[in-house]
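The values are calculated or read from the model by the stated rules, or taken from the named source; none is laboratory data. Only a predicted model underlies this, so the values are computations on that prediction, with no experimental measurement involved. Note that we place each Cβ from the backbone using ideal geometry, even for glycine, and neighbour counts take in every protein chain shown.
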Amino acid sequence: MHKEEIRASAVQGFDEALTTPNGWVSDGLAFTEDWGVDLGQIRAETWLWHGRQDEYAPPTHSEWLARHIERAKLSIGDCEGHFAAYTKQARAILWAAHLTDEPEPELEPQPVLA
């Protein structure tokens with residue numbers, strides 16, 4: 001995706017998200033309530049991405065998820081921020097569909113520290 005496409009997609013998403021407060025309320029409650037999901041039950045190989053420059057969610061969030069998902073691999077992009085996910089989507093879909101061996105060959109998975 002080009003920057004213009006990313007920007008347009010983000011604006012559309014925010015427009016939809018702000019039509020009701022439900023999403024914002026749910027996000028806020030997620031910090032204080034159980035998610036109702038046992039991450040230990042996830043058996044599929046899971047690849048998590050995070051940008052070290054993310055100003056909205058610190059990389060420790062993905063590190064925590066990686067510790068709680070048995071077959072998780074974690075890649076942290078040193079120069080990437082919160083919206084870098086838009087640039088990862090196509091590759092992630094190919095990986096999830098088993099059409100490529102690695103979702104992002106330029107980043108080595110980071111060891112999950114307990």
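Taken over the range 58-102, the residue count meeting the criterion of being at pLDDT below 90, among the basic types (Lys, Arg) and outside any helix (DSSP H, G or I) is 1.
For the range 6-22, indicate whether the set of residues that are at pLDDT below 80 and among the β-branched types (Val, Ile, Thr) is non-empty. Yes, the range 6-22 contains at least one residue that is at pLDDT below 80 and among the β-branched types (Val, Ile, Thr). Among the residues of the range 54-92, the ones that are among the polar types (S, T, N, Q) and surrounded by 14 or more Cβ atoms within 10 Å (Cβ to Cβ) come to 3 in all. Filtered by the rule that a residue be in a loop (DSSP other than H, G, I, E, B) and farther than 24 Å from residue 88 by Cα, the range 1-36 gives 18, 19, 20, 21, 31, 32, 33, 34, 35, 36.
Answer yes or no: is there a residue in the range 31-45 that is surrounded by 10 or more Cβ atoms within 10 Å (Cβ to Cβ) and either without any contact (Cβ under 8 Å) to a residue 12 or more places away in the chain or among the basic types (Lys, Arg) (or both). Outline the logic, then answer.
Initially, the range 31-45 is screened for residues surrounded by 10 or more Cβ atoms within 10 Å (Cβ to Cβ), giving 39, 42, 45.
From what's left, either without any contact (Cβ under 8 Å) to a residue 12 or more places away in the chain or among the basic types (Lys, Arg) (or both): none.
The answer is no, given that none of the residues of the range 31-45 is surrounded by 10 or more Cβ atoms within 10 Å (Cβ to Cβ) and either without any contact (Cβ under 8 Å) to a residue 12 or more places away in the chain or among the basic types (Lys, Arg) (or both).
Does residue 17 qualify as being in contact (Cβ under 8 Å) with a residue 40 or more places away in the chain and either on the phi < 0 side of the Ramachandran plot or loosely packed, with under 13 Cβ neighbours inside 10 Å (or both)?
Numbers: in contact (Cβ under 8 Å) with a residue 40 or more places away in the chain: no; either on the phi < 0 side of the Ramachandran plot or loosely packed, with under 13 Cβ neighbours inside 10 Å (or both): yes.
No.
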